[in-house]
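S.K.: Right, I'll just put the structure down here and ask away after.
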Amino acid sequence: MSSKLYLWNEKAKNIPSKPGVYGFYNENYELIYVGESQNLKETFEIYLKTNFSQNSCKLNTKYYNRQFTPDPQKRKKEILEEYKKRYSTYPKCNITMREEEKMPEEKTVPHEKGFHFYEEIAKPTGTVATSLEDFAVKLKETRIASIEFHQKRGDFAKWIQNAFGANALASAIERIDASGEDLRKQLIEIITHPEKTSKANCPKCGVAIPPKKTWSMTGKPVGHGIRPKLTLGYYKCPYCGKAFRKVLAKEMIKAS
């Protein structure tokens with residue numbers, strides 16, 4: 001990211017409408033937050049309009065810098081890891097955000113609760129994934145016969161739902177209708193970009209944001225032992241403070 005700092009004021013909204021990363025600094029020129037956006041102009045205008053949504057940490061912003069990049073999410077991650085390697089921690093506003101917005105892809109489960117790959121029943125491969133990031137890596141290495149075996153049984157979706165509570169992601173995995181390398185490709189794409197399956201546009205400011213949490217609920221039986229099941233997401237926009245819900249997945253299940 002550029003070492004040049006700019007004063008945070010109304011002129012910040014003149015930044016180009018490009019994807020990129022940005023850093024916020026306090027009056028002592030200390031980096032307090034690293035963010036990313038697909039449209040820096042739009043994001044900065046919202047910050048200015050809402051005064052950081054009265055976020056107590058970001059309100060300390062006095063200066064900023066920015067860097068344009070076609071993949072802001074990747075670049076933000078790189079910057080944060082570089083910062084952590086140097087200072088053994090993250091910028092203080094990012095620490096707060098990471099705790100408040102921690103997503104399933106950042107979680108790890110014990111080995112015994114990990115996904116154990118099999119080629120067929122009673123024939124384990126010895127490969128185990130304990131996080132969604134690890135799962136994506138293992139999908140690249142695992143034989144396609146094993147991947148097809150588990151996908152046909154719905155094992156991937158069940159594990160993701162039970163281990164991480166990621167209902168929308170599990171539903172997206174379950175809907176994949178492919179085989180061979182196309183199946184592998186689609187699985188990896190969804191796992192590495194889970195935000196695409198559950199992000200929603202804030203109805204107030206239009207910014208795409210991930211859910212704070214997701215959950216499922218079932219309705220009354222509608223006949224023949226079948227009842228509807230909905231997966232919903234709860235969202236709270238970090239820019240304007242708007243809270244809302246969205247239906248992420250719908251399915252019909254057998255009534256128990």
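S.K.: Inspect all residues belonging to the stretch 170-192 and state whether any of them is part of a loop (DSSP other than H, G, I, E, B), closer than 19 Å to HIS116 by Cα and touching a residue at least 40 places away in the same chain (Cβ under 8 Å).
M.R.: no
S.K.: Let me ask something else. Within the stretch 1-60, take every residue that is touching a Leu at 6+ places or on another chain (Cβ under 8 Å) and among the charged types (D, E, K, R) and give me the one that is surrounded by the fewest Cβ atoms within 10 Å (Cβ to Cβ).
M.R.: Here the residue is GLU10.
S.K.: Within the stretch 72-82, is even one residue in contact (Cβ under 8 Å) with a residue 24 or more places away in the chain and surrounded by fewer than 16 Cβ atoms within 10 Å (Cβ to Cβ)?
M.R.: There is at least one residue in the stretch 72-82 that is in contact (Cβ under 8 Å) with a residue 24 or more places away in the chain and surrounded by fewer than 16 Cβ atoms within 10 Å (Cβ to Cβ).
S.K.: Out of all the residues in the stretch 39-50, is one or more in a loop (DSSP other than H, G, I, E, B), within 18 Å of ASN201 (Cα to Cα) and not assigned by TED's automatic domain parsing to the domain that holds LYS236?
M.R.: Yes: one or more hits.
S.K.: Going through THR218, THR231, THR142 one at a time, which residue ends up being in contact with a strand residue (DSSP E or B) (Cβ under 7 Å, 6 or more places away or on another chain) and assigned by TED's automatic domain parsing to the domain that holds PHE115?
M.R.: Among THR218, THR231, THR142, only THR142 is in contact with a strand residue (DSSP E or B) (Cβ under 7 Å, 6 or more places away or on another chain) and assigned by TED's automatic domain parsing to the domain that holds PHE115.
S.K.: All but one of (1) among the β-branched types (Val, Ile, Thr); (2) under 14 Å from the mean Cα position of the chain (by Cα); (3) at pLDDT 75 or above hold for THR197, so report the exception by its number.
M.R.: Single failed check for THR197: (3).
S.K.: Looking only at residues that are surrounded by fewer than 16 Cβ atoms within 10 Å (Cβ to Cβ) and aliphatic (A, V, I, L, M) in the stretch 218-241, which one is nearest to CYS57 (Cα to Cα)?
M.R.: Restricting to residues being surrounded by fewer than 16 Cβ atoms within 10 Å (Cβ to Cβ) and aliphatic (A, V, I, L, M), the top hit is LEU230.
S.K.: Would you check if there is a residue in the stretch 215-227 being aliphatic (A, V, I, L, M), touching a residue at least 24 places away in the same chain (Cβ under 8 Å) and touching a helix residue (DSSP H, G or I) at 6+ places or on another chain (Cβ under 7 Å)?
M.R.: No, there is no match, as no residue in the stretch 215-227 is aliphatic (A, V, I, L, M), touching a residue at least 24 places away in the same chain (Cβ under 8 Å) and touching a helix residue (DSSP H, G or I) at 6+ places or on another chain (Cβ under 7 Å).
The values are calculated or read from the model by the stated rules, or taken from the named source; none is laboratory data. Keep in mind that what you see is a predicted model, and the values were worked out from it rather than measured. Cβ: placed from backbone, ideal geometry, glycine included. Neighbour counts: every protein chain shown.
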